[in-house]
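One structure below.
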Amino acid sequence: MIKSRIAEILRSSQPDETLTVQSWVRTKRELKGFAFLEVNDGSCLANLQIVINQDLPDYENILKQINTGASVEIEGVLVASQGKGQRVELQAKIVKVYGDADPEKYPLQKKRHSFEFLRNIAHLRSRTNSFGAVFRVRNACANAIHQFFQQRGFMWVHTPILTASDCEGAGELFNVTSLNLKDVPRTEDKEIDYSQDFFGKPTYLTVSGQLEAEIMAMAFSNVYTFGPTFRAENSNTSRHLAEFWMVEPEMAFCDLEGDMDLAEEFLKHIFKYVMETCREDMEFFNLRIDKTVIETAENIINNQFERLTYTDAVKLLEKADVKFDYPVSWGADLQSEHERYLAEQLFKKPVIVTDYPAQIKAFYMRLSDDEKTVRAMDILAPKIGEIIGGSQREERLDVLERRVLAQGMNPEDLWWYLDLRRYGSVPHAGFGLGFERLVQFMTGMGNIRDVIPFPRTPQSAEF
Ligand code: 4AD
Ligand code: MG
């Protein structure tokens, strides 16, 4: 038995080949004397057409079991298709039904379902055209990311998910504990006694692997992380998840310019790779989800990103003839409406904003000579807003200690991070790419919950 994936068959198999496909039924059409099935195995957007003649043993009974959603194994001979829309079809010789699907109950009937509805059946939605395309493109993005870094000699390092530090200092931490919450041990002054907890101190799910990536960059020069990240920010938006994936390269002997150059080259590489390997899925998005997806991809690949300082960005925003919900002024963080105005309306391409005010950015960013700004950069994408956040890191021990204290953190908790500045410190830089925001940008999907198979958001951890 030669088992074949449908993508492979549609790409290169020839008439007269005998082969077997294992797949799920999308539709069944019964005509006089025969039936057509459309089946899909997830390997590509297109279905394979199957023809079953009534001379197949037990024809009536088998057809009764084959409904939308059923799983089938079909052995047959490939023939040139008479019909429109496909080059070849499979003439069935042996049909085996693995599992039927009750047509009265199977939730995915042949009609357009809303993404909201499909989110409630996330265990089945991957069998639809849209989610099939999204998750194939997601996979291709992941592949492109590893390819990009591995080709350039970056080492993939695995940073911990359980951690005792708040890298971003934003307090958006999920606590991790093995204490009995019904009977929490207390110290004499009624505080929670973490010395009795699993790790002997408060621990959390990581918000970023950056601090550990910096450790590894101080030994391997160029490294990257790619893993899950957690933020307990209660933002119910189409751009935020409580659990998301982040890619964080970190480079020793690198400044902010080098960091921006890498980030731009990186995004271009991913778009190029996906356009080359997922053409059919990208055309599907362009047709069904967002008519600008392919144009956007080509724009990313072929044009330079805009680069400007935060100070200049604020000036442009103050001059803009649009009404923002949040006022703009030097010192305040940019809101997503500001970010989108810059990328979507003003420059119509990704914009790299640099040199943000120190007080709105994390402690580890390198302080500039003006003592007011840090060498930070955010890449803002049309429709998405911030897709990448990065910086040159503070490599000077004394300045870093000052910044840690200024942000109300305890230098003792970060002794190992400060040690990196004591022994062989070098200028270094890195950034974090929000992987789901990238997939959103790539596919044009409006809601971040629809580009990760099992989204985690406030009040929602089903599946
Ligand atoms: O800007 P952020 O917070 O940067 C960091 O975590 C740095 N440690 C990165 C670094 O320099 N190594 O997060 C980086 C990116 C954001 O630009 C955004 O794309 C994404 O992570 N992100 C989220 N994506 C989905 N849901 C959320 N709640 C996100 N928070 C951040
Ligand atoms: Mg950020």
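The values are calculated or read from the model by the stated rules, or taken from the named source; none is laboratory data. Because the structure is predicted, anything quoted here is derived from the model rather than measured. Note: ideal-geometry Cβ built from the backbone for every residue, glycine included; neighbour counts use all protein chains shown. Heads up: the accessible areas ignore ligands, DNA and RNA and are worked out on the full protein's heavy atoms, side chains in. Shrake-Rupley method; radii C 1.70, N 1.55, O 1.52, S 1.80 Å.
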Problem set entry | Candidate set from segment 356-368 (those that are surrounded by fewer than 21 Cβ atoms within 10 Å (Cβ to Cβ) and more than 15 Å from R402 (Cβ to Cβ)); member that is nearest to ligand 1 (Cβ to nearest atom) | I360
Exercise. Can Q345 be described as closer than 20 Å to G171 by Cβ and either within 16 Å of ligand 1 (Cβ to nearest atom) or open to solvent by 50 Å² or more (accessible area, probe 1.4 Å) (or both)?
Worked result: no
For this session: For residues that are away from ligand 2 (no atom under 14 Å from the Cβ) and among the charged types (D, E, K, R), scanning just segment 213-248, find the one that is nearest to V157 (Cα to Cα).
Result: E214
For this session: With the checklist (1) surrounded by 15 or more Cβ atoms within 10 Å (Cβ to Cβ); (2) at positive phi in hand, flag the one item G200 doesn't pass.
Result: (1)
Exercise. Just checking, which of E401, E394, E371 is more than 9 Å from ligand 1 (Cβ to nearest atom), among the charged types (D, E, K, R) and open to solvent by less than 10 Å² (accessible area, probe 1.4 Å)?
Worked result: E394
Exercise. Looking at G408, G389, which is the one that is in a strand (DSSP E or B) and of a type in the set (G, A, S)?
Worked result: G389
Exercise. Can you name every residue in segment 329-342 that is open to solvent by 10 Å² or more (accessible area, probe 1.4 Å), closer than 30 Å to K291 by Cβ and more than 12 Å from ligand 2 (Cβ to nearest atom)?
Worked result: Q335, E337, R340, Y341
Exercise. Got at least one residue in segment 100-112 being open to solvent by less than 70 Å² (accessible area, probe 1.4 Å) and assigned to a strand (DSSP E or B)?
Worked result: no
For this session: Output yes when any residue across segment 297-312 is without any contact (Cβ under 8 Å) to a residue 60 or more places away in the chain and within 16 Å of ligand 2 (Cβ to nearest atom), and no when none is.
Result: no
Exercise. Any idea which residue in segment 64-74 is farthest from G99 (Cα to Cα), counting only those that are surrounded by fewer than 18 Cβ atoms within 10 Å (Cβ to Cβ) and in contact (Cβ under 8 Å) with a residue 24 or more places away in the chain?
Worked result: E73
Exercise. Could you count how many residues in segment 374-390 are more than 11 Å from ligand 2 (Cβ to nearest atom) and open to solvent by less than 20 Å² (accessible area, probe 1.4 Å)?
Worked result: 3
For this session: Would you point out which residue out of E243, E298, E264 is open to solvent by 50 Å² or more (accessible area, probe 1.4 Å) and more than 13 Å from ligand 1 (Cβ to nearest atom)?
Result: E298
For this session: Find the residue count for segment 157-179, including only residues that are within 13 Å of ligand 1 (Cβ to nearest atom) and in a loop (DSSP other than H, G, I, E, B).
Result: 12
Seminar exercise, completed: Residue hits (segment 411-446; assigned to a loop (DSSP other than H, G, I, E, B) and in contact with an Asp or Glu (Cβ under 9 Å, 6 or more places away or on another chain)) are S425, V426, P427, G444, M445, G446
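Please go through segment 404-422 and give me each residue that is more than 16 Å from ligand 1 (Cβ to nearest atom), in contact with a Leu (Cβ under 7 Å, 6 or more places away or on another chain) and in contact (Cβ under 8 Å) with a residue 24 or more places away in the chain, ordered by number. Step through it out loud before you land on a result.
Within segment 404-422, the first condition is being more than 16 Å from ligand 1 (Cβ to nearest atom), and the residues that meet it are 405-406, 408, 410-413, 415-416, 418-419, 421-422.
Within this subset, residues satisfying the condition of being in contact with a Leu (Cβ under 7 Å, 6 or more places away or on another chain) are 411, 418, 421-422.
Residues satisfying the conditions are R421, R422.
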Seminar exercise, completed: V134 passes all but one of the listed conditions (1) surrounded by fewer than 16 Cβ atoms within 10 Å (Cβ to Cβ); (2) of a type outside the set (S, T, N, Q); (3) in contact (Cβ under 8 Å) with a residue 60 or more places away in the chain; the exception is number (1)
Exercise. Can we say E188 is away from ligand 2 (no atom under 16 Å from the Cβ) and part of a helix (DSSP H, G or I)?
Worked result: no
Seminar exercise, completed: Y273 passes all but one of the listed conditions (1) within 26 Å of V157 (Cβ to Cβ); (2) touching a helix residue (DSSP H, G or I) at 6+ places or on another chain (Cβ under 6 Å); (3) buried (at least 18 other Cβ atoms within 10 Å of the Cβ); the exception is number (3)
For this session: Could you tell me which numbered condition Q345 fails, if it satisfies all but one of (1) out of contact with any Pro (no Cβ under 6 Å at 6 or more places or on another chain); (2) over 22 Å from A297 (Cβ atoms); (3) assigned to a helix (DSSP H, G or I)?
Result: (2)
Exercise. Given the structure, is Q210 among the polar types (S, T, N, Q), in contact (Cβ under 8 Å) with a residue 24 or more places away in the chain, farther than 24 Å from P458 by Cβ and within 16 Å of ligand 2 (Cβ to nearest atom)?
Worked result: yes
Seminar exercise, completed: E395 meets each of (1) within 18 Å of E250 (Cβ to Cβ); (2) within 16 Å of ligand 2 (Cβ to nearest atom); (3) free of Cβ contacts under 8 Å to residues at least 40 places away in the same chain with one exception, condition (2)
